[in-house]
1. Helices (runs of 4 or more DSSP H) wholly in the stretch 1-112 with at least 1 residues that are at pLDDT 95 or above and within 30 Å of residue 345 (Cα to Cα) - which ones?
2. So, in the stretch 28-67, of the ones that are within 15 Å of ligand 2 (Cβ to nearest atom) and out of contact with any helix residue (DSSP H, G or I) (no Cβ under 7 Å at 6 or more places or on another chain), which residue ends up nearest to residue 91 (Cα to Cα)?
3. Check whether at least one residue in the stretch 224-243 is touching a helix residue (DSSP H, G or I) at 6+ places or on another chain (Cβ under 9 Å), closer than 21 Å to residue 313 by Cβ, surrounded by fewer than 21 Cβ atoms within 10 Å (Cβ to Cβ) and without any contact (Cβ under 8 Å) to a residue 24 or more places away in the chain, and report yes or no.
4. For the stretch 294-309, state whether one or more residues are touching a strand residue (DSSP E or B) at 6+ places or on another chain (Cβ under 9 Å), in a loop (DSSP other than H, G, I, E, B) and farther than 21 Å from residue 29 by Cβ.
5. Just to be sure before I move on: is residue 137 buried (at least 20 other Cβ atoms within 10 Å of the Cβ) and at pLDDT 95 or above in the structure I sent?
6. Just need a number here: residues in the stretch 253-289 that are within 13 Å of ligand 2 (Cβ to nearest atom) and farther than 17 Å from residue 309 by Cα.
7. So how many residues does the stretch 226-238 have that are within 16 Å of ligand 1 (Cβ to nearest atom) and farther than 19 Å from residue 257 by Cβ?
8. Can you name the residue in the stretch 175-217 that is within 16 Å of ligand 1 (Cβ to nearest atom) and part of a helix (DSSP H, G or I) and, of all such residues, is nearest to residue 147 (Cα to Cα)?
Ligand code: HPA
Ligand code: ZN
């Protein structure tokens, strides 16, 4: 449990949530592509998209589950062809993150979505990495990249993707596992993750978003991941809850994503508060902010308004975000100090 935080009147909580420094650890950079940028890149690259206008595209964002979202998300990414496109997308996100007082971000990217269309791995990684480097210098946002394997594709394709990415090993810090969860359990990628582990890469995986708690167990035991992305189904399994709390396995929770993909019927039903109160290292993240109606601070503000969480929860969530990040202990201490100073100054 973190140290006690002084009570703050409910009407001042939104300001504190906005102002506190935080890390974002679950953002698919392709999910930050706003409809306006999709149309601009389509025009720049001469790519046809099956929507007449920005408004018509936005109207299509009415999802019933993960797959209904993924179909539109992969279609949106089809406008990305050049290094500059990847840079522009990541830069737009990083500017938006800085405005929300995100001081550290670990960005997922899906190379297979692009290499399948003939875009080279180098184009993808160089564009994203250039934006991350510039963000450190110009925005004060420390940003790094995590390569995700698409779990609906084969193990062989994941190995090929890893091979293609290895020449750029210095430009990404880890690997993850995303896309359609049901029917694609973690064990399908046990050998790929074992290889990534040998290479010294950090390991994460989506598990327990729509899939059962069993997928969280296998992500931990067979893939040996350091964090679970989503993990909200863990409250169905008391033994798993105990383990996650005891080992402080971070969960990168994405409340607005869960709402838009109908994982919970309403935000008031979300189990984030239950996860925190049970002592888990839960964090708040935006997942695919252009599609789910909000960036980091929107996620914090709407979730706190719906669940009645307090300043103590806010402090814990921000602290957890740094604890869960892939930075060294010294850097973590510096962020904890920054967080403490922000809370102390908030009179
Ligand atoms: N789940 C799985 N795959 C994804 C997601 C998600 O929330 N967003 C982008 N790819
Ligand atoms: Zn995700």
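The values are calculated or read from the model by the stated rules, or taken from the named source; none is laboratory data. For clarity, every value in this text was computed on a predicted model and none was experimentally measured. Here Cβ is always computed from backbone atoms with ideal geometry, including for glycine, and neighbour counts include all displayed protein chains.
1. Filter on the stretch 1-112 gives 13-19, 83-99.
2. Only one residue tops the list, namely 28.
3. no
4. no
5. no
6. Selection size over the stretch 253-289: 9.
7. Here the count works out to 0.
8. Residue satisfying both the conditions and the ranking: 189.
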